[in-house]
Amino acid sequence: RRHRPRPEGAGGGCGSRAGLASSESGGSGFSLAAAALPERRRPGGGRPRYEVVRELGAEEVRWFYREDRKTWKPFIGYDSLRIELAYRALGPAGGPADPREGEVAAVEPVCVRSGLYEVDVASAESYPVYWNQTEKIPVMRGQWFIDGTWQPLEEEESNLIEQEHLNRFKGQQLQESFDMEVSKPVDGKEAIHSLKLSRNHVDWHSVDEVYLYSDATTSKIARTVTQKLGFSKASSSGTRLHRGYVEEATLEDKPPQTSHIVFVVHGIGQKMDQGRIIKNTAMMRDTARKIEEKYFSNLATHVEFLPVEWRSKLTLDGDTVDSITPDKVRGLRDMLNSSAMDIMYYTSPLYRDELVKGLQQELNRLYTLFCSRNPEFEEKGGKVSIVSHSLGCVITYDIMTGWNPVRLYEQLLQKEEEELEERWMSYEEQRLLEELYVTKQRLKEIEERLHELKASTISKPPVLKFKVENFFCMGSPLAVFLALRGIRPGNSGSQDHILPRTICNRLLNIFHPTDPVAYRLEPLILKHYSNISPVQIHWYNTANPLPYEHMKPSFLNPTKEPTSVTDGESVSTVPSPTTSPVMVRRHYGESITNIGKASILGAASIGKGLGGMLFSRFGRSSTTTPQTLEPGKDGAEGDDKKATTVGTPPLPHSSSGFLEPIVELEHRIDFELREGLVESRYWSAVTSHTAYWSSLDIALFLLTFMYKHDQEDTDKSNLDAI
C-alpha cells in the first residue's frame, strides 16, 4: 500500500463521478455509515470495533476483484467505499440487500483503480475504460474473511453466515479484550451455535470466535484422529473466520493525482497476438508502481500508462495476402503474415496512410477521453510522453514530424525539370516547355488560392492534440528508416537535426545490446558518435547512481585507434556508421545480429521505389567539423566492452578513453541496457526484442526523466523550507 501525501481533490480519473455522492447513487448515506455510528478503536490501532453486534458498516465491507483467475485482490479503501455505496443504493431503503434479485435500480458505474476501470455493481463485473477486453473482471463483496490471508469467503456462503450471525447475535455485547491478530485458544469450549452449508459447516464458540470446517470425508477422519489425541476440533482442522476486513476503508485512501500520462505504442505482431500490448502495458505499469513506491514516494502525483492498440481496427488488404499464401509450412507463413507483413504494409504507398491514421486517431481518442474524465489534467499542466516499440517508433515519428514520401517525389520532379533546362533542345521543344511551365505556374496559383480560401473558413486541427514531452523508443529500427530516407550526419549536436524540439522536447532511444532490430540514432546527428559508446542504463538497485546528464562520452574501444580494422577485413566491406547495427560486436552474436540487420534493411528497402534515385540526389551528406567546446564534467562511466569501429576519422582521445573537447550532443539519445551476467548472448538475441516491458531498470529510467521537474521542484521547496 502506498503511503504518500494525498492531494485534495485527486480524482483518480473519474471526472464528475469521482465522489459518487449524489442522492440517487446513495452517496448521502456515507456520513451515517462512516461518521455518525458509535465506534471504538482497538488498543493497538487499526479497524474500529463497534460495541455491539450490528450490521456491517460500509467501511467494514471490502470489495475485491480477480484478474486472470488468480487470487482475489482488494480494492483500495476509496474505491471499495464507493462501490459499497452504489451497491446499497440498489437495495430497498439503501440497505445491503441483494441487488441481483427482483428489479434493479439504475446506478452509474463506479470508477476504480486510478480511473482505468469501471465497476458495474448490478452485474458484479469490472471492465477497462480506455481499451477493449474480451474477458470481464469479476468483483466480489467481502464480509467474512479467512484468518491470516484475509481472502474473502465466496459471496454466497458469506451472505448465509452473515444472515445467521445477525439472527443469533445481533445486539449482543462484543468482548472488550478481543484482538484480531491473536487467535485465542478454544480448547474445551463447546460450540454455542452451528450452521450447515453445502460442503462445510460453521461453528460459533463465542460471538467473536467463528470457525469454518470442511465436511469432506478426509477432513472428518482427520478431525476424529486428532481429537482422540487430545487436540481440539478447532485447532485440528478448523479455519478461523473474521467478520469485517482487517483495515477500515476510508475516502482518504485514494489514488494520487495523475500528472503525466504515457501512451504505450506497439510494433509489429499485434495481429498475431491481439491484446498483447494490453498485457505488456500492464507489466510496465506494475513495474513502474514498484519503482514509484521505492524512489518517488515523496511526490504527491503519479505517472499513468495507457496502451495504444492501433492494429486490430485496420482492414488493410482484407484477406488478399492470406489467399495467396501457400499451404506448406502454413503455421510459419501465418506467423510472418501477422508480424513481418506490417513492415511491408508500412512501406507500401497504398496502406501506409491507413497505418498512420489508425495510430494517430487512437492517440487522439485516448487523450480526449482521458481529459474528459480528468478535467484538471490540462488545467494543472499535465504532460504527455510516448513509449513506442519496434515499428511503432517509426510510425509515431512520422505522425509527429508529418513526413510523407510524396514530398520526396515532388522534389525529384523539380530536380528533373532543372536538369532538363540545362541541356540543348530544339526551338519547338523549348516553346512547348515554356508553355508547360506557364500552365504549371497558373495551376499552382489556383491551388494556393483555393487552399487559402479553405484555410480561412476551416482551421485545420493539429495532427496530435497534445505536445509530446518525451519520446522513448524501445528496440527501434527508426535510425535505419531515416538513413534510407537520406538523413545524413550534420555538424551540430542538436536533436533538431532529426526531431525538432518544438515537436518533442526530448528523444531517447533505448535498446538491449543484443536486440537485432535496434539501431543507434546518435551517429545520424554527429558521425563520430558511432565510435562513442551508448550511455549505460543504471541497474534499478544501484546505490547513488551518477545522473545521466553528468556522464561523459567514452570510446567503444579506448585501447586501439578508432580507425583500426580487424585482420582480413577490408574497409569496403564495413557498414556505414549511419546504417550499422547498434554496435559491431565481433565477439558474440554476430550472425544473429546480422540476420536482424538484413531483415530490417531488406524490408525497409522494399517500399523504397523512387528512393534509390532520391537519396542519391538529395542525400544530405556532410562532414563533421570539429569545434572546440568546454570539456565535460568529471565522473563518467566507461564501457569495457570491446568493439571494432571503422571508417571514421581519428579523434583526439586520452589514454583514459574519454574524448577531448570536440562537438558533442546537447543531450545523449542512445541508452543501452546492461547485459545480465549469466545470460546467453545468442539466446538473448532472440528474446531481447520483447524483454523491455517488465524491466525494472527501464521503469526507473522512464520515471527518472518523467519525474525530473517534479523532483527538482520538491528538492527546491525542501531547501527553501530549511
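The values are calculated or read from the model by the stated rules, or taken from the named source; none is laboratory data. Predicted, not measured: the structure shown is a model, and the values here were computed from it. With ideal geometry, Cβ positions are generated from the backbone for all residues, glycine too; neighbour counts draw on all protein chains shown. Calculation scope for accessible area: heavy atoms of the full protein, side chains included, ligands and nucleic acids excluded. Shrake-Rupley method; radii C 1.70, N 1.55, O 1.52, S 1.80 Å.
Data table
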{"read-out": "Selected residue (only one of His550, His512, His538 is touching a strand residue (DSSP E or B) at 6+ places or on another chain (Cβ under 9 Å) and open to solvent by 10 Å² or more (accessible area, probe 1.4 Å))", "value": "His512"}
{"read-out": "Conditions (1) under 28 Å from Asp286 (Cα atoms); (2) open to solvent by 60 Å² or more (accessible area, probe 1.4 Å): number failed by Arg330", "value": "(1)"}
{"read-out": "In the stretch 535-554, the residues that are within 25 Å of the chain's Cα centre (by Cα) and either in a loop (DSSP other than H, G, I, E, B) or not polar (S, T, N, Q) (or both)", "value": "Val535, Ile537, His538, Trp539, Tyr540, Asn541, Thr542, Pro545, Pro547, Tyr548, Glu549"}
{"read-out": "Condition met for Lys328 (at pLDDT below 90 and among the basic types (Lys, Arg))", "value": "yes"}
{"read-out": "From Gly91, Gly77, residue being closer than 29 Å to Val207 by Cα and surrounded by fewer than 19 Cβ atoms within 10 Å (Cβ to Cβ)", "value": "Gly91"}
{"read-out": "Residue within the stretch 349-369 that is surrounded by 16 or more Cβ atoms within 10 Å (Cβ to Cβ) and not in a helix (DSSP H, G or I) present", "value": "yes"}
{"read-out": "Residue among Ala122, Ala106 that alone is part of a loop (DSSP other than H, G, I, E, B), surrounded by 15 or more Cβ atoms within 10 Å (Cβ to Cβ) and among the hydrophobic types (A, V, I, L, M, F, W, C)", "value": "Ala122"}
{"read-out": "Residue check, Phe178 surrounded by 14 or more Cβ atoms within 10 Å (Cβ to Cβ), modelled with pLDDT of 80 or more and aromatic (Phe, Trp, Tyr)", "value": "no"}
{"read-out": "Wholly enclosed strands (runs of 3 or more DSSP E) of the stretch 194-303 bearing at least 2 residues modelled with pLDDT of 85 or more and more than 30 Å from Ser390 (Cα to Cα)", "value": "200-204, 210-214, 239-243"}
{"read-out": "Near pairs, Cβ below 9 angstrom, 6+ apart or cross-chain, from the stretch 435-453 (in the same structural domain as Gln414 (by the TED database) and farther than 16 Å from Gln414 by Cβ) to any residue that is open to solvent by less than 100 Å² (accessible area, probe 1.4 Å) and not aromatic (Phe, Trp, Tyr)", "value": "none"}
{"read-out": "Flag for Arg485 being of a type in the set (D, E, K, R) and within 25 Å of the chain's Cα centre (by Cα)", "value": "no"}
